[in-house]
Each structure stands twice: as structure tokens, then as C-alpha cells.
1. Conditions: (1) modelled with pLDDT of 75 or more; (2) open to solvent by 50 Å² or more (accessible area, probe 1.4 Å). L58 meets all but one. Number of the miss?
2. Among the residues in segment 352-359, are any over 24 Å from the mean Cα position of the chain (by Cα), in a loop (DSSP other than H, G, I, E, B), modelled with pLDDT of 75 or more and closer than 22 Å to T385 by Cα?
3. Quick one: which residue in R312, R323, R335, R346 is basic (K, R), outside any loop (DSSP other than H, G, I, E, B) and within 21 Å of the chain's Cα centre (by Cα)?
4. Exactly one condition in (1) at pLDDT 85 or above; (2) crowded, with 18+ Cβ neighbours inside 10 Å; (3) assigned to a helix (DSSP H, G or I) is not met by S459; state its number.
5. Right, A348: without any contact (Cβ under 8 Å) to a residue 40 or more places away in the chain, within 22 Å of A448 (Cβ to Cβ) and of a type in the set (A, V, I, L, M) or not?
6. Go through segment 173-188 residue by residue and tally those that are open to solvent by 30 Å² or more (accessible area, probe 1.4 Å), under 43 Å from the mean Cα position of the chain (by Cα) and either at pLDDT below 85 or of a type in the set (K, R) (or both).
7. Taking segment 100-138 as the search range and keeping residues that are open to solvent by less than 20 Å² (accessible area, probe 1.4 Å) and small (G, A, S), which one is nearest to D54 (Cα to Cα)?
8. Restricting segment 242-290 to residues that are of a type in the set (F, W, Y) and more than 25 Å from M172 (Cα to Cα), which is least open to solvent (accessible area, probe 1.4 Å)?
Amino acid sequence: MVPSLSLALVLVATSVLSALTAMLVMQLRRPRPGPEAARPYAPDIAGRAVLIYDDRRLVDANAHGQTLLQSARAAADASGAPESADDDLEPVLRLLALRFPDLRDRLPSLVRAGRITLGAADDSGFEMVAEWRGGLAHLTVIDTRADGSCLLVDRLSFDALQGELEGLRECMSHAPVAIWRTDADGAVIWANRAYLDLAARGPGLSGWPLPRLFPALDQDGPQRLKLELGSSACWFECRGLARAQGTLNYAIPADSAARSEKARHDLVQTLAGAFAMHPVGLAVFDDARVLQIFNPALMDMTGLSAEFLASRPGFDRFLHALRERRMLPEPADYRSWRSALLELERAAQSGAYQEEWPLPSGQTLHVTGRPHPEGGIAFLFEDVTSEMTLTRSFRAQIETAQTVIDALPDALAVFSAQGTFRLANAAYHRLWGTDPMAAAGHGTMQAALDVWRTASHPSPLWPKLAEGAVACNLPQEVTGTAALRNGIVLAVRLQTLVGGNLLVSFSRARPDMAETADPSAPTVSRPPVAAAVPGVAQGSRPSITPEHAAHQAILSRGDPLADAGSGADRAATPTVALAASGNGAAPAASDAGTQDGPAPRAARVRHRSSRSALRG
């Protein structure tokens, strides 16, 4: 029994040894594998993209890895980034940098570390595993949310997604606005073609990684930035939007807007320089009623400080400051003052505001409000104190002169050389029954002649005056008489004043003129000479003697020139003496006496005789 068991063990051991020997011999006799047999293999595993690199050249990749590489190359072509035919790693690194920002920095340490694991910076659920095996880099992108199986997409949905992706890429590529994306460190990780074109215009700015043309943008709002590209400069309206993967930036060309603003600034500076030496104060408010422009004359005129005006006060604050400095007309109460402010703003907007501001200090400002472009308003302040004082002085002189003329007993009217009515006194309007307001500025000498003819008997004096007025060739003086239809005889005198104006005076004729003079014979006389009255110079009126006053008092009964207490009966004698200077009597008296000597006795006797005859 024992020898049989031993024999069986020896046979088993001999068989095993023979088998091992045969296997060893077969292994030794098997040929050594060549280079092709040593090629690594990238297995297809659900939810994993595997890429194997020898330096920067792709050795192998599974199906998901091939898809990842194609997407990376398409993104590089769309962004215009330079690409090398021998570099299969750079496009993948650019694509993976969006989710794994540290991959490019940590990949050089793969040989020493042997294995690197990175998680996605966003919440996408991707994981990156890099391994160094057999002198090759194995990059594996793992979708941790795939649950061991790849995500299946039907062909129609995939085609739709691809079409949308191509459309978006085309929009970004042809957009006239520079668009780029930066990571958390501010490095440019993607840009459209407009951004790349700008980079190509600058020397040394092309290439990869993409240059950073603009500084980090604020998230508050748009910024106006100037970009120097060689010898040219461009302006852009830039805006940055923070996103989970970094910052999305936009740069809109703003050269035209910058030129417009520069032209506007230059215009404002030009206007400010022009108004700096102008004596008229200027205040320009924008559409928000904020002070934008002012000149030194405004400070000198209102007393407002440069610091206050430079702080750009509002319209209400500006007017309150004027009120505090007593540079506004004082209203009756605050409510009316506030209403006046609102009315002031509305009137300035329509361009209809123009007022004189009498100030408590005695100063007068002429304020004009005009609409300004883009809804603003401009106010002009002009100191017219001297002009107003001069105007008041002239007005007082004119009123005084009119009062003096109205006090004269003679009826006076003045016409221009063209026959336009200029002025008349109260005696004229009482005599002819005309309306002072209607005649002012509207009457003519021809219309006045019609009134005179209607109220008087026919006389060759009126045609003579009409002919001379139309021909504008009147002699220096024309005198004559006219009988009114109520029996009163008037001495009419027309003379030319300095400047071509015509003065027509009407007074009661002297008794000798009314009885002996021919009313149909107007006379033309030379300039009046000195009257034969002691102490009266040439062209002045003689003094009134008691005899003349009594004589005229009798003649003036029923005279319309003496109505309404005008005092014509007390002062008619001097006017009669002047009106009769062209009938031949007065020159005789003038020739009989001297300027400095006493009046002839014959003249006094004649007046006494006339007075006695009238009393009888």
C-alpha cells in the first residue's frame, strides 16, 4: 500500500515538472514583442474621457476622448487662437481650463507626483485625473454624475444642439463688439474675433495666451476707457458681468461719443472764455435744474461766492441764495414768492421770461430766461441801474416838457417832415375836439388839415399848407388867419423846426388883424427879428403890459382857447404879437424902435385907442 502511494506521488510530481518545463521552453521560444505590441490602450468606460499623451502628441484616446479633442479644436478655431499641427495638448488644456483653472500650472509636476486629481471649480460634477505611467501622461475626465453609464442623446436633439452651438459661435465671431472672458485671476481664457482683431493691431499683442487689453472692469456700471493701439487711440464703453466661471466682459466702440463729448467740452470752454470778460451775468441750468455754467460777472453782480457756484447748486438753492443776499425783488409773502419761482421756471422754458428786478439796494437787474438745448434753461443778468436812472430822467424831462406845453394858451401841434403827427398840447385838442390817445402815433397832417377845413370857412391858407406839406418844400415860416364857423378868427403860424419837423400854432387874432387882414392871403415871412419891446431878445416873447392884458381879456370872451380855465385870456397878447409877425404891422413896429430902447409912443397910443373903442 505504501509503495503504491509513493509511486503515485512520483508520477504526479514528474507530470507537473514536465508541464512547467514545457511552458518555460515555450515562453523562451516565443518571439519578443515589437513597438506596436507595446502601445497602450485607452479603454471605453462609461462617463470617462481618456487621452494618452507622449509629451504634447496624442498617442491614444477612447471615443469620449476623441469627442473632447474635437470640441477643443472647434473652440480654438472659433476663437482664432493660433494652433500647431503637432500640438494636441494645447486645445484640450484651453477647453479644460474653464472647469479646471489649476490644470495648466500643476501638469508639469505630474512626472514627480505620479498622479494628480483635480475637481471642477464649478458645480458641474466633473473630475480630472492625470497619471504618469510608462513614460506617458494619461488624462482622464470623469463625470461623477454619470452613475456608471454614459448619457444617451437622440440624434435629433444632438443635431439641434450642434446647430445652436454653431449659430452662437457665428454670432460671437461676427459681433462688432469685443467680448472676452477672464478667470478669477484676470487672465483672458476666451475672446471673440473682434477682441483678437484689436490685439492684432497692437505690436507684440498677438499669440497665446491671449493678451489682456483692458484692465479689470468694475461691476457697478459702464466705464469709458481709452485703448492705445500703436499710434492710434480708441475709446470704448466697457462693462463687466461676474459669472461663476469668471467675468464676462464687453467693450463697445465709443469713438464718436468721445469726439462729441470733446467737442462739447471745447465749446463749453470757448463759451466760458467768451463770457468770462462779458459784463452780463450768465447762469445755465441743465434739464435736472443743476447749475452747469456761470461766469465771473455773475459773481460780481450777485455777490455769490465762487465756491458756492462751483458746487453746482440746484435752481431752488440758487434762488434762495439770491434771496438771502437781497438780490431778489421782495414779495408780499413766502407763498407768492414760491409761486413766482415756479412761474419763473415755466416762463424761462418757453423763452418768454424777461423782467426788471428792482432790488432793495436801489440796483435794477434786467433778467432774461431762455430755453437751453436738451431741456436746460439759461438766465442772463444785466445791471441796468444807470440806464434805468437815465430813462427815468428822460421820462421826467419829457413829462415836464409836456406839462409846460399843455400850460401854454396857444394851440400847438408838431408834425414830422413826412407829415406824421408827433405831439400836441391840451389847448390844441380842446380847440379842434380831437382825442389825444387816438392821434398819438396814428394821425397825419393831411388828416389834421381835413379837421381844420371842416371847422373853418374856406381859406387859401389850407391848400397852401397842404401843398407845402406834400412837397416837403415849406419855407421857414408861413402865417395867416382862418375864420372858424363860430365867428372866431385864428392867427395860424407854421414854421420849420430843426430836423425838418413842422410846428403849427393857433392863437386868437388881434383886433386889427381880424378887421383889416384878408384871411385869404397867407403870407410867407422871414425869420422873426427882435421885437420892439424893451429887454426882449430876438425870438423871445415880449412882456405883457396891463393895457394888453385888459385888451385881451375883452377879446377872449367866448374864445375856445380860453375854456376850462386854461388862462389863455391872460397870456394871449404875447402869442398874438408873434402870430402877427408876418402881416406887416409888427415889422413896422420893430423898425420904429430899437432892441434896448423904449417902445414908441405911437404904439402905446394905438393900444389905448383900441381899448377905448372897445369899451365904448
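1. Going through the list (1) modelled with pLDDT of 75 or more; (2) open to solvent by 50 Å² or more (accessible area, probe 1.4 Å), L58 breaks only (2).
2. Among the residues of segment 352-359, at least one is over 24 Å from the mean Cα position of the chain (by Cα), in a loop (DSSP other than H, G, I, E, B), modelled with pLDDT of 75 or more and closer than 22 Å to T385 by Cα, which makes the answer yes.
3. Details: R312 fails: outside any loop (DSSP other than H, G, I, E, B); R323 fails: within 21 Å of the chain's Cα centre (by Cα); R335 fails: within 21 Å of the chain's Cα centre (by Cα).
Just one listed residue meets the conditions, R346.
4. So the condition that S459 fails would be (3).
5. On the way: without any contact (Cβ under 8 Å) to a residue 40 or more places away in the chain: yes; within 22 Å of A448 (Cβ to Cβ): no; of a type in the set (A, V, I, L, M): yes.
Criteria not met by A348.
6. Narrowing segment 173-188 to residues open to solvent by 30 Å² or more (accessible area, probe 1.4 Å): 174, 176-177, 181, 183-185, 187.
Those left that are additionally under 43 Å from the mean Cα position of the chain (by Cα): 174, 176-177, 181.
Applying the additional criterion that residues be either at pLDDT below 85 or of a type in the set (K, R) (or both) yields 181.
Residues that pass the stated criteria total 1.
7. A137
8. F285
The values are calculated or read from the model by the stated rules, or taken from the named source; none is laboratory data. Fair warning: this is a prediction, and the values are worked out from it, not measured in the lab. Using ideal geometry, Cβ is built from the backbone for each residue, glycine included, and neighbour counts are taken over all protein chains shown. Protein only, heavy atoms only, side chains kept; ligands, DNA and RNA dropped before computing areas. Shrake-Rupley method; radii C 1.70, N 1.55, O 1.52, S 1.80 Å.
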